[in-house]
Amino acid sequence: AVVSTQSGHYGRDTNYILSMPRLTPDLIEEACQFVNPLKERELDLRAKKIQVIENLACTSDQFDCIDFSDNEIKRLDGFPLLSRLSMLLFNNNKICRMSEDLYASVPNIETLVLTGNLLEELSDLKGLEKLTKLKYLSLMRNPVTTKAKYRFYIIHHCPSVTVLDYKRVRLQERNTAKKMFGGKQAKKEEGKVKTFVPGEPVKKGSTPQDKEAIRAAIAKASSLDEIRRLEMMLSSGSIPGF
């Protein structure tokens, strides 16, 4: 319910804040729950106009995956301890900040999809560094991906990541990243990566034919890693080089 306030601009702002959609225990309880193609329990919170992550303790840590895609979330924080959670999907939100203590709340995250958000600086990604089990990461369609040496920065600071932006991390890339950020020149190089360079346009969205091709590939996949990579593509709508 909207609480009445003084008339005027302040009152209208307060009414708006109080009437914003919230991630309530009732919304969570009523949301779709299912077993996804990876045979994981998933909670679907897509397109609920959610702006703040809250009240997830009421899930009792019963889910492997939570899908927050197509909401209006600005900060990646507010999680209770969710030890079971291994996949988070945040396609097409407004995330521009993340907690540096993210690892303490979701220590077992393996897949994190942040495609189509507003992360701008490499320093905004520090919350990823202590996610020691993170394997699959997508930051496509974020301004930060146009930073010089962005990919090498992630590879060095998140060494557990094996697939970045749907491309497998190669040994040669790891060696290059180590040279850039691993020695005495590390601080100097980290200063250089703040230089903005224009990036190539990224393919937006996917056609129905793309999605059908991915679903067919999932059905024929021979390994869990391949299924997970394809599922990430399907959920984010980004099909680079598929």
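The values are calculated or read from the model by the stated rules, or taken from the named source; none is laboratory data. No experiment lies behind these values; they were computed from the predicted model shown. Neighbour counts are summed over all protein chains in view; Cβ atoms, including those assigned to glycine, are modelled from backbone coordinates with ideal geometry. Only protein heavy atoms, including side chains, enter the accessible area calculation; ligands, DNA and RNA are left aside. Shrake-Rupley method; radii C 1.70, N 1.55, O 1.52, S 1.80 Å.
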Asp124: passes all of (1) charged (D, E, K, R); (2) touching a helix residue (DSSP H, G or I) at 6+ places or on another chain (Cβ under 8 Å); (3) surrounded by fewer than 16 Cβ atoms within 10 Å (Cβ to Cβ) but (3)
Of the conditions (1) open to solvent by less than 70 Å² (accessible area, probe 1.4 Å); (2) modelled with pLDDT of 95 or more, Thr5 clears all except one; give me its number.
(2)
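Within segment 75-90, can you find the residues that are touching a residue at least 40 places away in the same chain (Cβ under 8 Å) and either under 11 Å from Ile53 (Cβ atoms) or open to solvent by 40 Å² or more (accessible area, probe 1.4 Å) (or both)? Full working, then the answer.
Taking segment 75-90 as the starting set, the residues that turn out to be touching a residue at least 40 places away in the same chain (Cβ under 8 Å) are 76, 86-87, 89.
Correct list: Leu76 only.
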Subset of segment 121-158, residues under 15 Å from the mean Cα position of the chain (by Cα), over 22 Å from Val106 (Cβ atoms) and not hydroxyl-bearing (Ser, Thr, Tyr), comes to Arg141, Pro143
Could you please find all residues in segment 47-100 being over 18 Å from Leu27 (Cβ atoms) and either in a strand (DSSP E or B) or in contact with a His (Cβ under 9 Å, 6 or more places away or on another chain) (or both)?
Arg75, Leu76, Met87, Arg97, Met98
When Gln62 is run through (1) within 19 Å of the chain's Cα centre (by Cα); (2) surrounded by fewer than 16 Cβ atoms within 10 Å (Cβ to Cβ), the failure sits at (1)
